[in-house]
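A short reminder: the numbers here are calculations on the coordinates, not readings from a lab. All figures in this text were calculated on a predicted structure; none of them were measured in a lab. Cβ placement follows ideal geometry from the backbone for every residue including glycine, while neighbour counts extend to all protein chains displayed.
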Amino acid sequence: MNPSSTEPDGPPSPERTPTAGDGATAALVAALSRGDDPPGGQAVVRFHPLPPVRATAHERGFDVDQTNNSVVVDERVVVKWLTPPPPLPQPAPQMFAHLTSVGFTATALPYAALTGRSAGGAETLVALVTAYLPEAADGWEWCVEEAVAGRTAFAADLGRLAAGLHAAMATPSPAFPEPVRVADGDADGGWAARARDALARALELTCGEDGAWLARHASELAAGLRGLGRAAGTPLIRIHGDLHVGQTLRWREGYAVIDFDGNPTVTGADPFQPAARDLAQLGTSLEHVAQVAILRRGADPARALAWAAEARAVLLTAYREGLAAHGRPELLEESLLGPFEIEQECRELIYAALHLPRWRYAPMGVLRARFPHRTEETA
Ligand code: ADP
Ligand code: MG
Ligand code: MG
């Protein structure tokens, strides 16, 4: 899922977003690599020095689903032009500053962030500049191959990757001097309300047979969310916020987690959240991969579901071991995992209804597999 619902503050800038082939992105990268200011006059925050790139360097786009407009320059640098530029503050520049200070490297090396102003005068995030990862495929490609082949060893790598990210997010830096907070009673009440709203909205927006199935299972789904009201004392960190397999790249040198834009389907959420929220999303994305393998690749449904269950178990074990190896086992509040998984499926249904109807089969397939038959005939 690669949703976007962030609206700019004020009317969109009259300037056109650069596109691959028009030379504007190479000109920007060349200027940044020389240490010059951006030719477009934007302000720049730098994280790492860029490799030398000429203004005449080759530009190309990506041939995958994406929310924003990313341009690869010289097969070495990626510029993600945010479309439209969202108002500051945005999580990505702060995340880049933090991950750079704490030395987290399992990502595309961040080079710079460009900020500008909307026509309404609000400060906006215009572009993010990072290293290009050669031979990268995202999880909607590489993980579907794993599902089709029935392999699950990769899930241990993903679990360690997520644990490493969360341990890094829990390490103090100048960007986040106090990176860990503790949930008070109000905070966890807020999660419960937010999850109940997501269920209500999913019920309201999902029509036809799927809607009828959801209505029959509404009380079971609501019961699955109840654990969210009992988690005062849970540690909170800045999470990734949109951690699914599509944000994990497998490239020439291993795995990388990218796209720190936060969750575009949840506005106004506290940036401090339980680590379990990211882990729940990553785990359910493996179940979505199984659904993709069934529908698009003709995988046998029973085998694909068994694959997803095993891959998820491997992921969770490696994640727990990873946190323990970093000395941070307390970051995972286990009781939140199940409820956040149900909430995530509701969010996928809302996203499908609003932006991508053909995605509905994936969360519905997951929910039908998790709550089989029981009330089917008695409705
Ligand atoms: P969006 O916010 O538009 O989803 P992402 O940052 O997730 O943008 O990038 C979209 C896709 O572009 C990724 O799924 C991946 O296929 C490709 N991509 C992004 N950054 C890189 C990179 N640094 N190296 C290689 N491929 C990348
Ligand atoms: Mg993305
Ligand atoms: Mg994104």
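Here are the numbers:
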| read-out | value |
| --- | --- |
| Rounded to 10°, Cα long-axis angle of helix 185-205 versus longest principal axis of the chain | 80 |
| Helix axis angle, 139-149 relative to the chain longest principal axis, alpha carbon, degrees | 50 |
| Listed residues 127, 24, 292: farthest to the positive end of the dipole of the chain (Cβ charges) | 292 |
| Sum of side-chain charges, residue 66 neighbourhood, beta-carbon under 12 Å (Lys, Arg +1; Asp, Glu -1) | -4 |
| Residues with amide H under 5 Å from that of residue 69, placed H, sequence gap 5 or more | 81, 83 |
| Label-point separation in nm, residue 137 to residue 219, each point 7 Å along Cα→Cβ | 4.6 |
| Neighbour-limited loop hits for trypsin sites (Lys or Arg not before Pro), the stretch 163-257 (at most 14 other Cβ within 10 Å; DSSP other than H, G, I, E, B) | 252 |
| Computed magnitude of the charge dipole of the chain (debye, nearest 20; Cβ of K, R +1, Cβ of D, E -1) | 240 |
| Contour minus Cα-Cα distance for residue 330 and residue 182 (0.36 nm per residue) | 52.2 nm |
| Using alpha-carbon coordinates, inclination of helix 91-102 to the longest axis of the chain, degrees | 80 |
| Assigned charges on the beta-carbon of Lys, Arg, Asp, Glu; the stretch 161-310 dipole about Cα centre (debye) | 240 |
| The stretch 139-370: C-alpha gyration tensor shape, a/c 1.5 cut-off, then a/b vs b/c | oblate |
| Neighbour net charge for residue 314 - beta-carbon separation under 14 angstrom, K R +1, D E -1 | -1 |
| Relative contact order %, the stretch 71-159, counting alpha carbon pairs below 8 Å whose residues are six or more apart | 32 |
| Förster-model FRET efficiency, 41 Å R0, residue 200 and residue 58, C-beta, rounded to 0.05 | 0.25 |
| Cα-based shape type of the stretch 53-129, given that a ≥ b ≥ c are square roots of the gyration tensor eigenvalues and the cut on a/c is 1.5 | oblate |
| Contact order normalised by residue count of the stretch 139-370, Cα under 8 Å, 6+ apart, percent | 33 |
| Value of [θ]222 nm, deg cm²/dmol, for the chain, DSSP H segments ≥ 4, -39500 (n - 2.57) each, nearest 500 | -14500 deg cm²/dmol |
| Whether the stretch 234-300 is rounded, prolate or oblate, judged on the alpha carbon gyration tensor where a/c under 1.5 counts as rounded | prolate |
| Summed side-chain charge close to residue 108 - residues other than residue 108 whose Cβ falls under 14 Å, Lys, Arg +1, Asp, Glu -1 | -2 |
